[in-house]
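Chemist: Shown below is the structure under consideration.
The values are calculated or read from the model by the stated rules, or taken from the named source; none is laboratory data. Note that the structure is predicted; figures quoted are calculated from it, not measured. Counting neighbours? That spans all protein chains shown, and the Cβs are built from the backbone with ideal geometry, glycine included. Side chains included, ligands, DNA and RNA excluded: accessible areas come from the protein's heavy atoms. Shrake-Rupley method; radii C 1.70, N 1.55, O 1.52, S 1.80 Å.
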Amino acid sequence: VQLQASGGGLVQAGGSLRLSCAASGRTISGMRMGWFRQAPGKEREFVASIAWNDGLTDYDGSVKGRFTISRDKAQNTVYLQMNSLEPEDTAIYYCAARTVRFGSQNKYEYGYWGQGTQVTVSS
């Protein structure tokens with residue numbers, strides 16, 4: 001499966017952005033789609049994930065209540081709506097996929113990755 005992330009940009013603290021991840025190349029039915037992020041000098045960390053079939057979601061505690069992951073089956077696209085952004089959210093955001101529907105916050109359990117999109121939040 002190929003993943004194409006987009007939607008990053010520069011925003012002031014308190015603002016919002018919506019990231020998109022378009023999937024192609026194979027059916028993603030039954031897969032788990034996730035968003036991760038990597039700040040300079042830090043490890044890549046889990047942000048959120050969603051089961052493609054039933055829409056069940058999982059969030060890291062640092063974004064719960066501010067970020068929302070969703071999917072559009074007709075468009076084969078996963079979204080990450082990010083509200084109340086903070087400077088600490090500045091990172092490259094990556095979409096990822098794993099071939100089972102169960103959630104995981106472990107980046108090593110995702111076998112497919114998009115190219116990343118930069119999100120910068122200014123204070």
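Chemist: Would segment 66-74 turn up any residue that is open to solvent by 60 Å² or more (accessible area, probe 1.4 Å), assigned to a loop (DSSP other than H, G, I, E, B), of a type outside the set (Gly, Ala, Ser) and more than 26 Å from Val121 (Cβ to Cβ)?
Modeler: First pass over segment 66-74, keeping only residues open to solvent by 60 Å² or more (accessible area, probe 1.4 Å): 68, 71, 73-74.
In the following step, the residues that additionally are assigned to a loop (DSSP other than H, G, I, E, B) were identified as 73-74.
Next, only the ones that are of a type outside the set (Gly, Ala, Ser) stay: 73.
With the extra rule that they be more than 26 Å from Val121 (Cβ to Cβ), the set shrinks to 73.
Checked segment 66-74: at least one residue is open to solvent by 60 Å² or more (accessible area, probe 1.4 Å), assigned to a loop (DSSP other than H, G, I, E, B), of a type outside the set (Gly, Ala, Ser) and more than 26 Å from Val121 (Cβ to Cβ).
Chemist: Also, quick follow-up: For Asn53, which of the numbered conditions (1) of a type in the set (S, T, N, Q); (2) touching a residue at least 60 places away in the same chain (Cβ under 8 Å); (3) on the phi < 0 side of the Ramachandran plot fails to hold?
Modeler: (2)
Chemist: Let me ask something additional. Please give the number of the condition Glu88 fails out of (1) in a loop (DSSP other than H, G, I, E, B); (2) open to solvent by 60 Å² or more (accessible area, probe 1.4 Å); (3) under 14 Å from Val11 (Cβ atoms).
Modeler: Condition (1) is where Glu88 drops out.
Chemist: Also, quick follow-up: State all residues of segment 91-119 that are open to solvent by less than 60 Å² (accessible area, probe 1.4 Å), in a strand (DSSP E or B) and in contact with a Cys (Cβ under 8 Å, 6 or more places away or on another chain); if no residue qualifies, say none.
Modeler: Answer for segment 91-119, where residues must be open to solvent by less than 60 Å² (accessible area, probe 1.4 Å), in a strand (DSSP E or B) and in contact with a Cys (Cβ under 8 Å, 6 or more places away or on another chain): just Cys95.
Chemist: Do we find that Gly111 is at pLDDT below 95 and touching a Ser or Thr at 6+ places or on another chain (Cβ under 7 Å) in this structure? Walk me through it before giving the result.
Modeler: Values: at pLDDT below 95: no; touching a Ser or Thr at 6+ places or on another chain (Cβ under 7 Å): yes.
So Gly111 fails the test.
Chemist: Would you confirm whether any residue within segment 41-56 is at pLDDT 95 or above, among the hydroxyl-bearing types (Ser, Thr, Tyr) and assigned to a strand (DSSP E or B)?
Modeler: yes
Chemist: Run Met82 past the list (1) at positive phi; (2) surrounded by 22 or more Cβ atoms within 10 Å (Cβ to Cβ) and report the number of the one that doesn't hold.
Modeler: Going through (1) at positive phi; (2) surrounded by 22 or more Cβ atoms within 10 Å (Cβ to Cβ) one by one, Met82 breaks only (1).
Chemist: Inspect segment 26-35 for any residue being of a type outside the set (Gly, Ala, Ser), in contact (Cβ under 8 Å) with a residue 24 or more places away in the chain, part of a loop (DSSP other than H, G, I, E, B) and surrounded by fewer than 13 Cβ atoms within 10 Å (Cβ to Cβ) and give the result as yes or no. Steps first, answer last, please.
Modeler: To start, the set of residues in segment 26-35 that are of a type outside the set (Gly, Ala, Ser) comprises 26-28, 31-33, 35.
Now restrict to residues that are in contact (Cβ under 8 Å) with a residue 24 or more places away in the chain: 26, 28, 31-33, 35.
In the following step, the residues that additionally are part of a loop (DSSP other than H, G, I, E, B) were identified as 26, 28, 31.
Okay, now just the ones that are also surrounded by fewer than 13 Cβ atoms within 10 Å (Cβ to Cβ), so 26.
Yes, that holds for at least one residue.
Chemist: Any chance segment 6-23 includes a residue that's without any contact (Cβ under 8 Å) to a residue 60 or more places away in the chain and either open to solvent by 50 Å² or more (accessible area, probe 1.4 Å) or within 21 Å of Ser123 (Cβ to Cβ) (or both)?
Modeler: Looking for residues that are without any contact (Cβ under 8 Å) to a residue 60 or more places away in the chain and either open to solvent by 50 Å² or more (accessible area, probe 1.4 Å) or within 21 Å of Ser123 (Cβ to Cβ) (or both), one finds none in segment 6-23, hence no.
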